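The structure under discussion appears below in the form of structure tokens.
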Amino acid sequence: MAKIDAFFKLMHDQGASDLHLVAGQPPALRINGEMERIKYKILDSDDLRTMLYEIAPEQKIKVFEETGDLDFGYEIPGTARYRANFFMQRNGVGAVFREIPSEILTAQQLGLPPVLPKLALLPRGLVLVTGPTGSGKSTTLAALLDVANRQRKEHIITIEDPIEFVHQSKGCIINHREVGIHTKSFAAALRGALREDPDIILVGEMRDLETISLAIEAASTGHLVFSTVHTVSAIKTIDRIIEVFPSHEQPQIRSTLADGIRGVIGQTLIKRIDRRGRIAAFEIMIATPAVRNLVREGKTHQISSMIQTGKKYGMQLLDDAIMDLCQQGKISPNDAYARANEKARFRPLLTAAPADFTEV
């Protein structure tokens, strides 16, 4: 048993999402979105480095010493997997670990809106899950892949950096590939995947032009592709993808994206006030023919109106979902205001001045 495993056990028992180990400071846990110090000595850089290197693969240590940054996965059988990030900072080495539960929660257990599992049964297309870091995107994607794994008899390939949720093959054959270990890059793995007879491809993150281009191509050529983007709304997601491409290529990519896009799920986690924990609020855009036409014509600013009138398709705006949670007494008005896109709508609910005075 590695020395650091004691911290992981504490993290797991406390229900923390993240563990922070940084030289020059005591350890800390993120619990329900807030940082809490662990009663422990200030970490020494050399001691911490020894502790961290005990669990890092040898080839990864070399990368870290050359670059000062490192991502990899670590697993404690029977407990959980951990997404590890090592980094150098002013006082020495630092690390942050995100817990990835061993058990994959189903869509029903997570309380996902009913339309979302249907996206996992589509024959082809691009489905994007968006939101800020730590908003539960990986958990939602894992639940959707679980739906496909249970109800389809096909081939699923996941490409991640690092591997997070590990699925056991049920109805589907599943192959997990990790960037840096099993393949050089997302783009290289995607090019290879198209020759590996996949039906469903999960791309952990669409980071660069080549990866985005290949993912859209795969979705347009008969594959169902899932991925994530760090944006806060469906409109910004579409615009972000288009803006990655050179201006002379944007009309063509709009047309290709319009043909391939099937859904955008935007989400954020908000601290509950009715009980311990956090709750997810979702924005859902289903790519109906009318929505795809707006994408093709570059009229993404009109998509919000289409979402508002598309409730029969399962669509909803993030602000509507946040307002519902606030009116149900599950989240505070201040938190609702902080996470909303159209803040003026939530200002009358506030009992005190908002924390972000720049929004006033």
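Looking at Ala6, Ala16, which is the one that is surrounded by fewer than 16 Cβ atoms within 10 Å (Cβ to Cβ) and over 24 Å from Ile159 (Cα atoms)?
Ala6
Can Ile61 be described as without any contact (Cβ under 8 Å) to a residue 24 or more places away in the chain and closer than 23 Å to Gly204 by Cβ? If you could, list the steps in order and put the result at the bottom.
Details: without any contact (Cβ under 8 Å) to a residue 24 or more places away in the chain: yes; closer than 23 Å to Gly204 by Cβ: yes.
It is true that Ile61 is without any contact (Cβ under 8 Å) to a residue 24 or more places away in the chain and closer than 23 Å to Gly204 by Cβ.
Go through region 205-295 and tell me which strands (runs of 3 or more DSSP E), entirely inside it, have 2 or more residues that are over 25 Å from Lys184 (Cα atoms) and of a type outside the set (A, V, I, L, M).
Filter on region 205-295 gives 261-271, 278-286.
Just checking, how many residues over region 74-97 are under 23 Å from Val166 (Cβ atoms) and part of a strand (DSSP E or B)?
So the answer is 13.
For Tyr40, indicate whether it is aromatic (Phe, Trp, Tyr), touching a residue at least 12 places away in the same chain (Cβ under 8 Å) and not assigned by TED's automatic domain parsing to the domain that holds Gly134.
When the stated conditions are applied, Tyr40 passes them.
So Ala321 ticks every box in (1) in a helix (DSSP H, G or I); (2) closer than 23 Å to Ile242 by Cβ; (3) in contact with a Pro (Cβ under 9 Å, 6 or more places away or on another chain) but one. Which box is left unticked?
For Ala321, the failing item is (2).
The values are calculated or read from the model by the stated rules, or taken from the named source; none is laboratory data. This one's a predicted model, so the numbers in the text were calculated from it and none came from an experiment. Cβ sites come from the backbone with ideal geometry, for glycine too, and all protein chains shown count toward neighbours.
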